[in-house]
Structures are given as C-alpha cells and as structure tokens.
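Coordinate-derived values only; no laboratory data. Predicted model only: the values in this text are computed from it and were never measured. Using ideal geometry, Cβ is built from the backbone for each residue, glycine included, and neighbour counts are taken over all protein chains shown.
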Amino acid sequence: MSIDTVTVDYVVHRMTIPTGMIQSEFRARFEDAVPPLPLDQVRELVSRGAPWGEMLDLVGRTAPWGFLLYWTNDVDPVVRLAGDSSSAVAYLMGNHTIMERMFRYEPSVVMYAPLHVAIWSRSDGQAFFTIDKPSDQFGSFADPTVTAVGYDLDSKLAALLAHLHLRVPDTLAGEVSLPHIRGH
C-alpha cells in the first residue's frame, strides 16, 4: 500500500511581547510560573503503569498555569564566544496531559508539543517573550478536535501572559485560518 506525501501550507502568528523588564528579572518570573517537569515523579508513574488519573493529578498539582518546562537552552555562553552582546534562552514549554488529548487523534502533533518559547534581549537588556500562537500550529492538522485543544492552549497562554503582567496579544482571541492541504 502506497501512502501519498501530504504538504500543508498554513499561517502562524508569531507573537513577540515586550516585558518591560530586564531579561534576568523576567526569566526568573517566567521560570517561577512555569516549573520544570517533575521527571522523577513522571518516571515513577510510568514504571509502575499508574492510571492516567494519577498523571493528571501530578501535572495539575505541579503546573499552576497549565505549563511545564521540558527543556531549556541558554545560548549566551556559546554566542559570547563570537562576541555577541544580545542574550537569549529557548524553552520547550508544554503539558503532556494536554498533548495527549490531541495525540490520540493525530500523533504527529508532537512536532509542536511542547511549544517553543524564547526570552531574549538585545544589548540594552530589555527582555522580550516570543512564542507562536498554539491554535495556528495545531489548526494546521485540519482536525476539529485537535484545533479545539489548540484554542484551549491559546486561553492557557493568555492566562499565563496576564499572570506575568504582559500584554495579551489580540491575535490570541482571533480565528485560526484553515490550512491548505495538497497531496503528492
């Protein structure tokens, strides 16, 4: 059986939000609101084949704003070697219990779950927060159930931004554009 290649064209809204803070201050505030994945506890649940409800409880207790940090990449030590004075840290931020709500319908959503986030500044130190709109990414799968979870993530992201005292971009309340799908 032959499977055709599918190409999807879609628009994503990248949101870059000024924080009004220096990078170290905003980074500390962000990392306080979005804690690291409790990896040891997750591994323990997996190793004993715990019921999914225990995973939901763990994440619910651990992620007050619905997001966890899965990975952090502070590029400053490397770019300083090249003489760069700007600063940036990239994160993978997400929630595997939310990802699973899409995964059961479309496993390839793991391309965008967890979400990619950047906190960065130019040499003046003023921090910016950059992230792509979740519903744009998940809407590209053209599955209404997956898209609905993307909208849920938009709402959670808006709540996190408000908690961090950032302006919530108008585009988080906008409609997702349907992708153009071509089979080859």
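Things worth noting here:
Okay, residues lined up against (1) within 30 Å of P18 (Cβ to Cβ); (2) in a loop (DSSP other than H, G, I, E, B); (3) not aromatic (F, W, Y):
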site: L92; (1), (2), (3): yes, no, yes
site: I98; (1), (2), (3): yes, no, yes
site: V110; (1), (2), (3): no, no, yes
site: S123; (1), (2), (3): yes, yes, yes
site: A127; (1), (2), (3): yes, no, yes
site: Q137; (1), (2), (3): yes, no, yes
site: F141; (1), (2), (3): no, yes, no
site: T145; (1), (2), (3): no, no, yes
site: S155; (1), (2), (3): yes, no, yes
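- Filter result for Y91 (touching a residue at least 24 places away in the same chain (Cβ under 8 Å), under 20 Å from S155 (Cβ atoms), touching a strand residue (DSSP E or B) at 6+ places or on another chain (Cβ under 9 Å) and not acidic (D, E)): yes
- The set of residues in segment 100-128 being free of Cβ contacts under 8 Å to residues at least 60 places away in the same chain and either among the aromatic types (F, W, Y) or under 30 Å from S24 (Cβ atoms) (or both) consists of F103, Y105, Y112, A113, P114, L115, H116, V117, A118, R122, S123, D124.
- Answer residue from segment 58-99, given it is closer than 11 Å to L37 by Cβ and small (G, A, S) and is surrounded by the fewest Cβ atoms within 10 Å (Cβ to Cβ) among those: A63
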